[in-house]
Amino acid sequence: MKTPWDWQPGQASQIEQAVSLLRLEGADTRRFLHGQTSATIETAPAGAWIPSCSISPTARMRALVEVLLDPSESAPSDSSEITKPGAWLVIHGIPPEAAAGVRQSLERVLFPADQVHLGALETANLITPVGPGTAELPAGPKGAWQTLEAGAGWLLGHQVLLRQGSVAPAWLAERALLSAPDHERWRIQQAIPAAPGELTDDTNPFELGLAERVSLNKGCYVGQETLAKLSTYDGVKQQLRRWSWTSRTGEQAGEPPAALTPGTTLYTRDAPGDGTSRAGVISSSLELGDGTWIGLALVRKQALGQPVLQAGDGPRPATLLLS
């Protein structure tokens, strides 16, 4: 049976996402990032690409980050301008203008004795190839990043990180740019959290399906105590889920109940709106144009076993199919 989640671009395509780059240099760079992000950094090998999270002291999400450790502790990573060992921090999932808050949170905890220098934020593009032929494209080695020719950027798996003003490789430039709605459809289909719906100061990595970006045994780091308690005592109160809704016969396509907008409360099907069956909240939604809508929702723990939830408590609530 075909579902909204079977979609793939019909031609070789690429997704372009604006991200921010922050250069950290100095002998204490590894130790500093180890204590300020959720993944293990200090013992990772040189040249490692480490998916992680930037979180608050109470383990609330600030942004998704990728840590790119220099390939050598004694040599520059890819530019004659770099003379000290360090790392690149790729900040994404939030608008580039919001990345300043992540940099500020790092600057706030730097001590004069720390041998770490924070550079200025740079704008970059993270390009993700999708659709036919993606598996055959060049890719960086697993768990590591690879420099593109002429220092234009880096390979992160099949993704390409391009610095501002750099030209994409020919094998990537030939792929069509995916439209904004199709980009959002791909993001929702992959259940990738993003601001403003999912990456907020009300969510933590475990709620957003980001456990692989979290280390629970690397020692003390910002937010570690809260994350350890959540893991030990099964304290995660909600989880991110996909949902879909299709108009019934006789309803005009593209005109769902107003309740399909982000921020709408979800209820269990038996007693919507009675004050006792609140089941979650819609965080993202997208109209597909054929009478179908898809989206993401933060669903309460007690409702995770429900196959369907109702959106809103009006006279005609929409029934959402969870995935």
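The values are calculated or read from the model by the stated rules, or taken from the named source; none is laboratory data. Since we're looking at a predicted model, the values are computed, not measured. For neighbour counting, all protein chains shown are included, and Cβ atoms are generated from backbone atoms with ideal geometry for every residue, glycine included.
Picking from residues in the stretch 79-100 that are among the charged types (D, E, K, R) and either assigned to a loop (DSSP other than H, G, I, E, B) or crowded, with 23+ Cβ neighbours inside 10 Å (or both), the one that is modelled with the highest pLDDT is LYS84.
Yes/no per residue for (1) surrounded by 16 or more Cβ atoms within 10 Å (Cβ to Cβ); (2) of a type in the set (Lys, Arg):
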| site | (1), (2) |
| --- | --- |
| PRO141 | no, no |
| PRO169 | yes, no |
| PRO196 | no, no |
| THR200 | yes, no |
| THR203 | yes, no |
| PHE206 | yes, no |
| GLY219 | no, no |
| GLU225 | no, no |
| LYS229 | no, yes |
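When VAL160 is tested against the conditions (1) in contact (Cβ under 8 Å) with a residue 60 or more places away in the chain; (2) crowded, with 18+ Cβ neighbours inside 10 Å; (3) under 19 Å from GLN17 (Cβ atoms), the lone failure is (1). Could we say that ALA59 is closer than 24 Å to THR128 by Cβ and part of a loop (DSSP other than H, G, I, E, B) here? It is false that ALA59 is closer than 24 Å to THR128 by Cβ and part of a loop (DSSP other than H, G, I, E, B).
In the stretch 209-223, the residue that is nearest to PRO57 (Cα to Cα) out of those that are in contact (Cβ under 8 Å) with a residue 40 or more places away in the chain and either in contact with an Asp or Glu (Cβ under 6 Å, 6 or more places away or on another chain) or not in a loop (DSSP other than H, G, I, E, B) (or both) is ARG213. Do we have SER54 as part of a strand (DSSP E or B), under 21 Å from GLU198 (Cβ atoms) and modelled with pLDDT of 95 or more here? Against the criterion (part of a strand (DSSP E or B), under 21 Å from GLU198 (Cβ atoms) and modelled with pLDDT of 95 or more), SER54 qualifies.
Residues are listed down the side, and each one gets a yes or a no for (1) under 13 Å from the mean Cα position of the chain (by Cα); (2) under 17 Å from ILE91 (Cα atoms); (3) modelled with pLDDT under 95:
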| site | (1), (2), (3) |
| --- | --- |
| VAL167 | no, no, yes |
| LEU172 | no, no, yes |
| LEU177 | no, no, no |
| ARG185 | no, no, no |
| ALA191 | yes, no, no |
| THR203 | yes, no, no |
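Looking for something among the aromatic types (Phe, Trp, Tyr) and without any contact (Cβ under 8 Å) to a residue 24 or more places away in the chain - is there at least one such residue anywhere in the stretch 190-208? Looking through the stretch 190-208, none of the residues is among the aromatic types (Phe, Trp, Tyr) and without any contact (Cβ under 8 Å) to a residue 24 or more places away in the chain.
Scanning the stretch 286-323 for residues that are modelled with pLDDT under 95, touching a Ser or Thr at 6+ places or on another chain (Cβ under 8 Å) and under 16 Å from GLY263 (Cβ atoms) returns TRP293, LEU309, GLN310, ALA311, GLY312, ASP313, LEU320.
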